[in-house]
Structure formats: C-alpha cells, structure tokens
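The structure appears right after this line, and notes come after that.
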Amino acid sequence: MARKMVFIDTSLCTGCKACSVACKAWNDLPAEKTQRISSYQAQADFTPNTWTYVRFREEYKDKKMRFNMLKLQCFHCGDPACMKACSSNAIYKTETGYTLIDKDKCIGCGYCAANCPWGVPKIDEATNKSTKCNGCIDRVESGMKPACAQTCQPGAILFGDYAEIMPQAQARVEELQLTNPKAHLYGTELMGGTTYVYLLQDRPDAYGLPLYPTTPISLTLWKDIVHPLGGLAIGASAAAITCGVIVNFVSGNYANRAKKIAESHDEGGK
C-alpha cells in the first residue's frame, strides 16, 4: 500500500470532539471521568484509554477571544523516538507510514513514553502494555478512513495517499496565507516527517506544541553511536570524549535551527 497521510486543518475545526468519541467507539475504549481544565477542555492528556482528544488554548487578541483548537493523537513519525527507545523491539513501522505497537512483544518498560517528544504513549497499569493511537490501521488496510476522519463533519480531517493529500494541504496553506501570513504546515519536516500533518494558524506554542520536537540526544547517542561502537571495544575515555563532542555539536545545531524557525514565524506575523 502507498504511504498515507492525515491532514488536520485547524482553521476548520469546531472543537466538537466527535473525533475523540469515534476513536473510543471504534477501538472499544471505555469512557473516563473528566473535569473541566479550562474553557471547553475536559481532557488533560492522553491516557491508556484515550488515544485522541481536543486541546483548547485561549488567546485574547485584537479585543477578541480566540480559541486555538487542536485534535491530538500519535503523530506517527517517519523516524519515531519511541521505536528507537523500545527495549523489546515491540514498536515498528508500516509501509503506509504508521507506527504501531506489537502488544505481544511489549513489556511495559515505559521507554517509549519517556522519549516521545509529544508525550503520546501511556502505559496501561492493568495490562502493563504501552498504548496509543494506531491510526485505525485495521480500517486503513480495509480501504476505509480512520474513525476520526470518517466522523469529522466540518471536514477538518482529510485522509488519503500522501501524494494526493499533500498538494491539497499546501494549497490550503497558500490560501490562508493571503490573509494570515502565520499559517503553515506542522509535521512535514519533524521527526522524519509525520503521517499526521497539521495546518496551524499561529506559532506551534500557541497550541501547546513544541516548536522543534526531537529525539532526546542521549537516546540518539546510545542507540546510533555508543552502543554500536561498544562492539568494537573502544576505550571508555575515547567514547566519553566522542559523546561530549557530538552532544555539543548536535545541541548547537538543534538550538540554531529552533531559533531560525521561531524567527521565521515572527517575521511572518509582522
């Protein structure tokens, strides 16, 4: 199957939460007791039984109250930190772009939850297994839309082949930029490119999203450099020096890139 994409247009989202209800219904996830967090938000975070929810962020601007509404779920990264962190090889990628968990292999170590830059995976204490959005992979492989996309009445969630949906997403951004220069796509260049891509009308932090989410440097060093080199029996001191140099180099690059992204958003809003 071809690579898939889910495009979430926040300019069309009404915050109805039907996507969250549809997710629970299709995946047989039980209802949970919630309480008001702020304004219309009653769900504070993901849980083992809540794989998608809508976040509301209030912003008073130009004498008007504005809500930055955002449907959240696993982003299904192209280069997922959770998969790199998994100690039991329970997390894997599909050719369609989804990041899935093999529950038979999962040992509930929690490394995926600790290393996801969006804090998506949660450990179910009842089963000692990691849980998160699976993209409705059973529906997708049967030629159906994910439950959230199927139920979205305003048309804020589009699903299809990446080659088909991405041009539509780019065209929508260009349309909104005529009146709002801050409009941009979020996810296309993050974590290897995400399967779930957002159209944001403001800076990511206005929605409570990280500006430049990355795999923790410590995990990258261990999995990609130190651990493989260990097989070559390099000296401990040499390894420490190498790690120090790389940490400084990578940290500098990430900081500079994040700064450039922030400056570009600021310039776009002027």
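List of remarks:
- Only a single criterion out of (1) assigned to a loop (DSSP other than H, G, I, E, B); (2) within 24 Å of residue 127 (Cβ to Cβ) is not satisfied by residue 92, namely (1).
- Lone qualifier among 33, 24 - being of a type in the set (D, E, K, R) and either buried (at least 18 other Cβ atoms within 10 Å of the Cβ) or within 23 Å of residue 112 (Cα to Cα) (or both): 24
- Within region 65-95, considering residues that are surrounded by fewer than 22 Cβ atoms within 10 Å (Cβ to Cβ) and out of contact with any Ser or Thr (no Cβ under 8 Å at 6 or more places or on another chain), the one nearest to residue 52 (Cα to Cα): 94
- Taking the criterion of being crowded, with 18+ Cβ neighbours inside 10 Å and either in a loop (DSSP other than H, G, I, E, B) or among the charged types (D, E, K, R) (or both), the residues of region 45-57 that qualify are 46, 48, 51, 52, 55, 57.
- Of all residues in region 30-41, exactly one satisfies the criterion of being farther than 12 Å from residue 20 by Cα, part of a loop (DSSP other than H, G, I, E, B) and among the small types (Gly, Ala, Ser), namely 39.
- Test: residue in region 4-24 that is within 22 Å of residue 197 (Cα to Cα), in contact with a helix residue (DSSP H, G or I) (Cβ under 7 Å, 6 or more places away or on another chain), in the same structural domain as residue 175 (by TED's automatic domain parsing) and among the hydroxyl-bearing types (Ser, Thr, Tyr): yes
- Identity of the residue in region 101-118, crowded, with 18+ Cβ neighbours inside 10 Å and under 20 Å from the mean Cα position of the chain (by Cα), that ends up nearest to residue 47 (Cα to Cα): 113
- Filter pass, residue 47 being closer than 24 Å to residue 159 by Cα and among the hydroxyl-bearing types (Ser, Thr, Tyr): no
This table checks each residue for (1) part of a helix (DSSP H, G or I); (2) hydrophobic (A, V, I, L, M, F, W, C); (3) in contact (Cβ under 8 Å) with a residue 12 or more places away in the chain.
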| site | (1), (2), (3) |
| --- | --- |
| 5 | no, yes, yes |
| 8 | no, yes, yes |
| 13 | no, yes, yes |
| 43 | no, no, yes |
| 59 | no, no, yes |
| 66 | no, no, no |
| 70 | no, yes, yes |
| 74 | no, yes, yes |
| 84 | yes, no, yes |
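- Test: residue in region 1-16 that is more than 23 Å from residue 161 (Cα to Cα) and among the aliphatic types (A, V, I, L, M): no
The values are calculated or read from the model by the stated rules, or taken from the named source; none is laboratory data. Note that the structure is a prediction, hence the values are computed from the model and not measured. When we count neighbours, we look across all protein chains shown, and the Cβ atoms used for this are built from the backbone with ideal geometry, even at glycine.
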